[in-house]
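Before any comments, here is the structure.
The values are calculated or read from the model by the stated rules, or taken from the named source; none is laboratory data. Being a predicted model, the structure only gives us computed values, none of them experimental. Cβ placement follows ideal geometry from the backbone for every residue including glycine, while neighbour counts extend to all protein chains displayed. We work out accessible area using only protein heavy atoms, side chains counted, and drop any ligands, DNA or RNA first. Shrake-Rupley method; radii C 1.70, N 1.55, O 1.52, S 1.80 Å.
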Amino acid sequence: MMKRSLLIVFLIFLSCSLYAAEKEIKPRIDSGTAWYNAREWTPCGQCWSVEPESHFTRIPLRFKNEVTPNVWGNARNSAGLFFRFDSDAAFVKVNFKLSSPSLSMTHMPATGKSGLDLYAKKNGKWIWAGNTRPNKQEDTAVLINGLSKKTREFMLYLPLYNGISELEIGVPEKAAFKWVAPDTSKWIAYYGTSIAHGGCASRPGLAFTAMLGRRLDITVANLGFSGSAKMELPLAGLFADLKPTLFVLDPLWNMNDKLVEERAIPFIQKIRDKNPNTPILLVEDSLSSNLGIRTDGEIKPSAKQNFYRAAFEHFKKTGDKNIYYLPYNNLLREDIDWDGTVDSCHMNDLGMFRMSEALEKAIRPILEKK
């Protein structure tokens with residue numbers, strides 16, 4: 001009798017859980033548009049469960065005192081977060097409120113810093129569909145219209161260097177609409193600097209982490225923190241509790257020789273202790289794009305790159321077969337071009353494309369082993 005009662009309780013719990021996962025979310029109807037509140041769904045690319053006030057951010061409120069103030073501030077940006085949905089909509093709109101009134105930077109347009117960016121799948125490939133051109137903090141915009149009545153997969157990227165306070169996705173009132181849950185079966189945790197953060201792509205979908213995700217058909221969680229990727233040990237502790245398919249560590253632009261020498265091995269070890277078999281890819285900083293004119297002789301690794309390489313060799317000597325290394329001359333290279341940045345450091349769209357190419361080449365074989 002006890003076993004039967006427990007079985008009934010379990011079945012009730014299971015049915016409730018399934019209902020919660022599949023519950024129908026009623027849209028707000030306004031002038032023929034059905035508005036679906038993005039707060040009702042979890043963004044793709046979010047590494048931890050978050051509190052309601054952190055819904056569109058990258059690090060939960062409960063970790064605020066475990067990271068540096070700069071990391072915390074950057075984590076309020078929604079870089080790398082996106083929503084997926086299916087719809088046969090003739091148009092897609094967004095109604096949004098940005099968390100900051102600062103829409104652009106001197107070297108990065110508002111479309112990248114504060115814009116929303118829509119992609120749709122056609123013949124199995126993600127292609128660009130439309131984006132916002134923000135000129136105020138709160139607005140409504142049509143991303144695309146004139147679509148034929150055919151169910152499509154959509155992906156909406158959130159701003160790179162701004163945050164989202166509120167977001168609704170609008171489709172015709174009679175159109176079908178279904179949120180697509182984040183795929184956590186296979187994903188990449190990418191830790192890096194302002195370049196990984198998204199600086200200075202002209203649209204969120206052109207950040208190299210986003211491009212890489214589309215190339216590999218896998219979620220790349222953007223853990224790029226502008227000016228703040230310095231391998232602090234408490235942050236490694238937070239990363240260690242994640243269970244990605246691959247960790248990518250790309251912090252060198254924000255670090256000096258001494259920091260790399262002191263922190264690289266302990267930081268990697270902290271992650272490795274809890275993830276003994278998870279692949280870790282160490283990525284060097286790419287070259288300054290005006291180095292070609294400033295240097296007459298052979299370009300050699302910097303001191304901090306040599307310290308990073310020494311950290312890699314340290315783990316190889318311990319027998320670690322799941323640690324990998326991507327050197328600078330496999331990123332933005334002289335034999336391709338020197339036109340990949342806006343300011344010798346931060347990537348323009350060409351640079352982002354080159355980075356995604358190089359990273360795909362390095363990462364795809366690693367993923368194929370899993």
* To do: Within the stretch 130-179, count every residue that is in a strand (DSSP E or B) and either aliphatic (A, V, I, L, M) or touching a residue at least 60 places away in the same chain (Cβ under 8 Å) (or both).
  => 23
* **Selected residue (only one of 237, 205 is assigned to a helix (DSSP H, G or I) and more than 11 Å from the chain's Cα centre (by Cα))** => 237
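Restricting attention to the stretch 160-176, and to residues there that are open to solvent by 40 Å² or more (accessible area, probe 1.4 Å) and not basic (Lys, Arg), which single residue is farthest from the chain's Cα centre (by Cα)?
Looking at the filtered set, the residue picked out is 173.
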* For the stretch 245-257, how many residues meet the condition of being open to solvent by 60 Å² or more (accessible area, probe 1.4 Å) and in a helix (DSSP H, G or I)? -> 2
* Asked: For residue 207, are the conditions met, namely being modelled with pLDDT of 95 or more, farther than 30 Å from residue 36 by Cα and surrounded by 21 or more Cβ atoms within 10 Å (Cβ to Cβ)?
  -> no
* Asked: Exactly one of (1) open to solvent by 50 Å² or more (accessible area, probe 1.4 Å); (2) in contact (Cβ under 8 Å) with a residue 60 or more places away in the chain is unmet by residue 69. Its number?
  -> (2)
* In the stretch 32-66, the residues that are among the β-branched types (Val, Ile, Thr), out of contact with any His (no Cβ under 9 Å at 6 or more places or on another chain) and open to solvent by 20 Å² or more (accessible area, probe 1.4 Å) -> 50
* Report yes if some residue within the stretch 252-264 is under 26 Å from residue 43 (Cα atoms), out of contact with any Asp or Glu (no Cβ under 7 Å at 6 or more places or on another chain) and aliphatic (A, V, I, L, M); otherwise report no. => no
* Structure fact -> The one condition residue 242 fails out of (1) part of a loop (DSSP other than H, G, I, E, B); (2) buried (at least 20 other Cβ atoms within 10 Å of the Cβ); (3) of a type outside the set (S, T, N, Q) is (2)
* To do: Those residues that are under 16 Å from residue 158 (Cβ atoms) and touching an Asp or Glu at 6+ places or on another chain (Cβ under 7 Å), I need them from the stretch 208-224; list them, please.
  => 219
* Asked: Can we say residue 272 is in a helix (DSSP H, G or I) and touching an Asp or Glu at 6+ places or on another chain (Cβ under 6 Å)?
  -> no
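A quick yes/no check of all residues on (1) at pLDDT 90 or above; (2) within 21 Å of residue 225 (Cβ to Cβ); (3) part of a helix (DSSP H, G or I):
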{"residue": "259", "(1), (2), (3)": "yes, yes, yes"}
{"residue": "281", "(1), (2), (3)": "yes, yes, no"}
{"residue": "286", "(1), (2), (3)": "no, yes, no"}
{"residue": "297", "(1), (2), (3)": "no, no, no"}
{"residue": "306", "(1), (2), (3)": "yes, no, yes"}
{"residue": "325", "(1), (2), (3)": "yes, no, no"}
{"residue": "336", "(1), (2), (3)": "no, no, no"}
{"residue": "351", "(1), (2), (3)": "yes, yes, yes"}
{"residue": "361", "(1), (2), (3)": "yes, no, yes"}
* Structure fact -> In the stretch 104-159, anything under 20 Å from residue 79 (Cβ atoms), surrounded by fewer than 20 Cβ atoms within 10 Å (Cβ to Cβ), under 20 Å from the mean Cα position of the chain (by Cα) and not small (Gly, Ala, Ser) is listed as 109, 126, 128
* **Output for the stretch 296-328, where each listed residue is open to solvent by less than 40 Å² (accessible area, probe 1.4 Å) and over 24 Å from residue 245 (Cβ atoms)** => 304, 305, 328
* Asked: Taking the stated definitions as given, is residue 229 farther than 27 Å from residue 353 by Cβ, surrounded by 22 or more Cβ atoms within 10 Å (Cβ to Cβ) and touching a Leu at 6+ places or on another chain (Cβ under 9 Å)?
  -> no
* Asked: surrounded by fewer than 23 Cβ atoms within 10 Å (Cβ to Cβ) and farther than 16 Å from residue 39 by Cα - does that describe any residue in the stretch 177-184?
  -> yes
